[in-house]
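J.: Take a look at the following structure, please.
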Amino acid sequence: MVEETIRIIKEAEQEADELVKQAEDKCSEILERASAEARGVKEQAVKKAKAKADAELAAVKAEGDESVKKALQDVDKQIASLKTDAGQKAEAAIAAVIADIA
């Protein structure tokens, strides 16, 4: 009877050891899957953030390009106006010199 009890205890210990091993294996598997899923989520978040940043950068660059274009157009208008004014003043100066000479 004692031998039977010892055998039953050893079998129970073996079953418990097997259950512990199975639980550890299952835990490792769950952790590996969770880690892989977390990496995937992180990669997607990084891609999404990068795409958003790229889009915002492109929008800001386009806005900056438009501002530069408008500023250059304004400068061109001012240059044209200054040339016209200078031409008129040159004509007036020439007429004044001619009038003084004559």
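The values are calculated or read from the model by the stated rules, or taken from the named source; none is laboratory data. It should be emphasised that the depicted structure is a prediction, and the values quoted were computed from it without experimental measurement. Glycine gets a Cβ as well: all are built from the backbone with ideal geometry, and neighbour counts include every protein chain shown.
J.: Is it true that Ile94 is of a type in the set (Val, Ile, Thr), more than 45 Å from the chain's Cα centre (by Cα), on the phi < 0 side of the Ramachandran plot and part of a helix (DSSP H, G or I)?
T.: yes
J.: With the structure loaded, tell me whether Ala53 is surrounded by 10 or more Cβ atoms within 10 Å (Cβ to Cβ), modelled with pLDDT of 95 or more, in a helix (DSSP H, G or I) and of a type in the set (A, V, I, L, M, F, W, C) or whether it fails that test.
T.: Here the answer is yes, as Ala53 does meet what is asked.
J.: Glu18 - would you say it is part of a helix (DSSP H, G or I) and loosely packed, with under 10 Cβ neighbours inside 10 Å?
T.: Working: part of a helix (DSSP H, G or I): yes; loosely packed, with under 10 Cβ neighbours inside 10 Å: no.
No: the conditions fail for Glu18.
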